[in-house]
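**Q** Quick one: the structure is below, and I'll ask about it shortly.
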Amino acid sequence: MYPGMQQKKLMFWRYMFNGLAVGMAYALVAVGYSLVFGILRLINFSHGATYTFGAHVVLFFIGYQTNIWLALSASVLFTGILAVGTNKFALEPLRKKKSPPIASLITTIGVSYIIQNLLMVFMGSERKSFPNMLDIPKLDLSGLPITEPQFFLFTISFALFIILTLIVHKTSIGLAMRAVEQNTKAAHLMGINVNQVITFTFFLGGASAAIAGVLMAGYYQLVYPTMGFLIGMKAFTAAILGGIGVMHGAFAGGLIVGLAESFASGYIGGTYRDAFAFIILIIILIIKPTGLFGKKTITKV
Amino acid sequence: MLSVKGLHTHYGKIHALKGVDLEIRESEIVTLIGSNGAGKSTLLNTIIGIIPSSGGKVFFNEEEITNMPPHAIVKKRICMSPEGREVFPQLTVQENLRLGAYAIKDKKFIKGSFENVYSLFPRLKERTKQTAGTLSGGEQQMLAIGRALMSDPKLLLLDEPSLGLAPNLVLMIFKLIADINKQGVTILLIEQNANMALSIADRAYVLETGTIVLSGDAKELSKNDAVRKAYLGNT
């Protein structure tokens, strides 16, 4: 076998692991879209900005020499509160007034720009380097086509994804979330405080976006106020692609988008990287309009 | 136990309930009959807090519950099996029932509720792991009633429990309603099938375009000429 062959194989695995790592982070962001959509039938376009906010909170605290774990916890807490606040102050009043869904949609886009601009005002609009702060234990990955940051991005995102899935499928509040998703009126009749469930859902989405934001900022070692725009679109694409409202849909969608763009930029050229998520989205939606794992809503009368 | 005083409800500009008065005493079965669009479901939904009232008051055991949120009313142990069953289609029978006791934290209590519901509806026990959307109409109805019983209600509101069921199932559901009542649950029953409803009820109210036009002992009402003509299909 001549050396060129080896090289080709190695590159393939590199693209593969890069795609898996980034894709897993997309999946984590996609869950946020999926959860909120499941409960409110609303695409929350402020989710990308929420993700950005999460990364900036950590940067802010690190600026004050805070312990990284403390900074991370603060980010999860504040970003969760930001998401809850978005719902309470911007979306809930619209629902109370029974405004058309488009009003809420536009509101989430508005909120996303408000968050972005506030970050520019208070943190500056330039690209800031993000410290590689996680004290990563040294792993012997020599000879393997995976880097340490990739390994940690993938494992931490994957672990969080499992935790989120367990919350939705194994806990009492998760059962209430699924109940509200399937039939809000009946959920009321079960004694479920629906507003509380909605609040919890936004918190969960915000918290997971914060962690994804920090992980990705650590991965690219870069933070800036518009960093959430493109990833927000891609994660949204991932959610739709996998079937919005379904946990494993977000998982599959995230990995597909991550892998597709990693391979595309490797074999076709980096210029096309960002377009690939959307090309795949269009193809899959033509074949299966509900997304890969999307369910048809059955209403039996 | 439950007293409704001069209750008004508006749907936008439609005045659906125009001052309804209604009284339910402990351990009774009270039925509410009336044609489509008379406001029967509206009344039940207003009592349980799903639809806000625009006037009047609702008391449960002397405590005012008007316009409380539904989850607070359910905690006072008023439960409802809604029209059209409204089960959670992608959740299993067991999860649907578990949700019926959502407000309850006591595990022993919940276990007892499961046993009680499964003994009333053995069919549900055979299908615990099946998703509710795959059940037949009759089974879904049993599930909707069973779910409403999970938190051991003092007052059970039943909205059209026999709607769309085969005649033998209708009989069975009515027998079950009588059994549930014997367990000490007070029942407010809405029915299209006025014949059956009057046969198991203690008292009845007749609702027409948002107003109570008649009320009284169920046996006597079933002999009333106007009622027979309008709701019992014979003259």
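Nothing in this text is a laboratory measurement; each read-out follows from the coordinates by a stated rule. Only a predicted model underlies this, so the values are computations on that prediction, with no experimental measurement involved. Please note: Cβ atoms are built from the backbone with ideal geometry, for glycine as well, and neighbour counts cover all protein chains shown.
**Q** Farthest toward the dipole's positive end in the range A:26-287, which of A:SER172, A:LEU28, A:LEU72, given Cβ charges of +1 (Lys, Arg) and -1 (Asp, Glu) about the Cα centre?
**A** Selected residue: A:SER172.
**Q** Among A:108-120, B:137-149, how do they line up from the highest to the lowest mean number of other beta-carbon atoms within 10 Å? Present the calculation step by step, with values, prior to reporting the outcome.
**A** Values: A:108-120: 17.7, B:137-149: 23.9.
Top to bottom by mean Cβ count within 10 Å: B:137-149, A:108-120.
**Q** Between the range B:4-27 and the range B:46-107, how many Å separate their Cα centres?
**A** About 17 Å separates the Cα centre of the range B:4-27 from the one of the range B:46-107.
**Q** For the range B:91-198, just say rounded, prolate or oblate: build the C-alpha gyration tensor, square-root its eigenvalues into a ≥ b ≥ c, call rounded for a/c under 1.5, and beyond that prolate if a/b exceeds b/c, oblate if not.
**A** Details: a/c = 2.02, a/b = 1.29, b/c = 1.56.
Note, shape of the range B:91-198 comes out oblate.
**Q** From other protein chains only, count the Cβ atoms within 10 Å of every residue's Cβ in B:142-151, then give the mean. All intermediate terms of the calculation are to be shown ahead of the outcome.
**A** Working: counts 0, 0, 2, 0, 0, 3, 2, 0, 2, 2.
Mean shielding by partner chains, rounded to a whole number: 1.
**Q** Now, a different point. Farthest toward the dipole's positive end in the range A:224-301, which of A:THR271, A:ALA238, A:LEU259, given Cβ charges of +1 (Lys, Arg) and -1 (Asp, Glu) about the Cα centre?
**A** Of the listed residues, the answer is A:ALA238.
**Q** Follow-up question, since we're still on this one. Find, to one decimal place in angstroms, the Kirkwood hydrodynamic radius of the range A:67-216, where the mean of 1/r is taken over every pair of different Cα atoms and then inverted. Working shown, then result.
**A** On the way: mean 1/r = 0.0551 Å⁻¹.
With all distinct Cα pairs of the range A:67-216 included, I get 18.2 Å.
**Q** Considering every pair of different Cα atoms, what Kirkwood radius, in Å, is found for chain B? Can you show the working numbers first?
**A** Working: mean 1/r = 0.0555 Å⁻¹.
Value: 18.0 Å, from the Cα pair sum.
**Q** What's the center-to-center distance, using Cα atoms, between the range A:224-280 and the range A:59-87 in Å?
**A** Each part reduced to its Cα centre gives a spacing of 26 Å.
**Q** Fully extended, how many nm does the chain gain between B:THR92 and B:LYS75 (0.36 nm per residue separation, minus their Cα-Cα distance)? Working shown, then result.
**A** Details: separation 17, 0.36 × 17 = 6.12 nm, distance 2.36 nm.
Here the segment from B:THR92 to B:LYS75 would lengthen by 3.8 nm.
**Q** Now a separate question. Just tell me how shielded A:177-184 is by partners: mean number of partner chain Cβ atoms within 10 Å of each residue's Cβ, no decimals. Before the final figure, lay out the partial values.
**A** Details: counts 0, 5, 7, 1, 3, 9, 9, 1.
Per-residue shielding by partner chains comes out at 4.
**Q** As a quick test, which of the pairs A:LYS96/A:LYS185; B:LYS182/B:LYS223; B:LYS40/B:LYS219; A:LYS170/B:LYS105 have an alpha carbon distance above 19 angstrom in this structure? Before the final figure, lay out the partial values.
**A** On the way: A:LYS96/A:LYS185 15 Å; B:LYS182/B:LYS223 25 Å; B:LYS40/B:LYS219 21 Å; A:LYS170/B:LYS105 16 Å.
The pairs that break the limit, which is 19 Å between Cα atoms, are B:LYS182/B:LYS223; B:LYS40/B:LYS219.
**Q** Right, next: By how many degrees, 0 to 90 and rounded to 10, does the Cα axis of helix B:167-182 deviate from the longest principal axis of chain B?
**A** 90 degrees
**Q** Kindly write out, for the range A:181-196 in residue order, the coupling ³J(HN,Hα) from the Karplus curve 6.51 cos²θ - 1.76 cosθ + 1.60 (θ = phi - 60°), rounded to whole Hz, with x marking Gly and Pro.
**A** 4, 7, 6, 5, 4, 5, 4, 4, 5, 7, x, 7, 7, 4, 4, 5
**Q** Let me ask another. Can you put B:GLU160, B:GLU62 in order of Cβ neighbours within 10 angstrom, beginning with the fewest? Spell out each step's value before the answer.
**A** Numbers: B:GLU160 21, B:GLU62 7.
If I rank by nearby Cβ atoms, fewest first, I get B:GLU62, B:GLU160.
**Q** Okay, moving on. If I take R0 = 30 Å and measure r between the Cβ atoms of B:LYS223 and B:SER3 in this structure, what FRET efficiency does the formula 1/(1 + (r/R0)^6) give, to the nearest 0.05?
**A** Values: r = 27 Å, r/R0 = 0.89.
It comes out at approximately 0.65.
**Q** Report the convex hull volume per residue for the range A:1-141, counting only C-alpha atoms, in Å³.
**A** Working: hull volume 23.6 nm³, N = 141.
With only Cα atoms used, the range A:1-141 gives 168 Å³ per residue.
**Q** Which of A:LEU40, B:LEU157 comes first, and how do the rest follow, when ranked by fewest Cβ neighbours within 10 Å? Write out the running numbers ahead of the final one.
**A** Values: A:LEU40 20, B:LEU157 25.
Ascending Cβ contact count within 10 Å gives the list A:LEU40, B:LEU157.
**Q** Ordered by residue, what ³J(HN,Hα) values in Hz, to whole numbers, does the range B:4-13 give under the Karplus form 6.51 cos²θ - 1.76 cosθ + 1.60, where θ = phi - 60° and Gly and Pro are x?
**A** 10, 10, x, 7, 10, 9, 10, 9, x, 8
**Q** Oh, and also: Modelled label-to-label distance, B:ALA178 and A:TYR267, 7 Å Cα→beta-carbon offset: nm?
**A** Rounded to a tenth, the inter-label distance reads 7.3 nm.
**Q** Compute the relative contact order of chain B as a whole-number percentage, counting only Cα pairs closer than 8 Å that sit 6 or more residues apart in sequence. Mind dumping the intermediate values first?
**A** Numbers: 449 pairs, mean separation 62.8, N = 235.
Worked out over chain B, it gives 27 percent.
**Q** Could you tell me which of rounded, prolate or oblate describes the range A:75-121, using a ≥ b ≥ c as the square roots of the eigenvalues of the alpha-carbon gyration tensor, with rounded for a/c under 1.5 and, failing that, prolate when a/b is larger than b/c and oblate otherwise? Could the numbers behind the result be given before it?
**A** Numbers: a/c = 3.24, a/b = 1.56, b/c = 2.08.
Taking the square roots of the gyration eigenvalues as a ≥ b ≥ c, the range A:75-121 is oblate.
**Q** Based on the Cβ-Cβ distance of A:LEU230 and B:LYS111, what FRET efficiency does E = 1/(1 + (r/R0)^6) give at R0 = 45 Å, to the nearest 0.05? Present the calculation step by step, with values, prior to reporting the outcome.
**A** On the way: r = 51 Å, r/R0 = 1.13.
Once rounded, the FRET efficiency stands at 0.30.
**Q** To the nearest 500 deg cm²/dmol, what mean residue ellipticity at 222 nm is calculated for the protein assembly as shown from DSSP H runs of n ≥ 4 alone, each contributing -39,500 (n - 2.57), summed and divided by the residues? Provide the component values of the computation, followed by the final result.
**A** Working: 22 runs with 308 residues, N = 536.
It comes out at -18500 deg cm²/dmol, rounded to the nearest 500.
**Q** Continuing with the same structure: Hey, got the average number of other protein chain Cβ atoms within 10 angstrom for residues in B:124-133? Each step should come with its number before you reach the end.
**A** On the way: counts 0, 0, 0, 0, 0, 0, 0, 1, 3, 4.
The per-residue average across the peptide is 1.
**Q** How high is the relative contact order of chain A, given as a whole-number percent (alpha carbon pairs under 8 Å, six or more residues apart)? Intermediate values should be presented prior to the final figure.
**A** Details: 464 pairs, mean separation 109.0, N = 301.
36 percent.
**Q** Here is a follow-up. Starting from the exponent 0.38 and prefactor 2.2 Å, build the expected Rg for the protein assembly as shown from its residue count and divide its actual Cα Rg by it.
**A** Numbers: Rg = 28.2 Å, N = 536, 2.2 N^0.38 = 24.0 Å.
After normalising by residue count via 2.2 N^0.38 Å, the value is 1.18.
**Q** Moving on. Quick one: net charge around A:ILE39, please, counting Lys, Arg +1 and Asp, Glu -1 for every other residue with C-beta under 12 Å from its C-beta.
**A** On the way: positive: A:ARG41, A:ARG95, A:ARG178; negative: A:GLU181.
Value of the local net charge: +2.
**Q** Kindly provide the Kirkwood hydrodynamic radius of chain A in Å, to one decimal, from all pairs of distinct alpha carbon atoms.
**A** On the way: mean 1/r = 0.0503 Å⁻¹.
Value: 19.9 Å, from the Cα pair sum.
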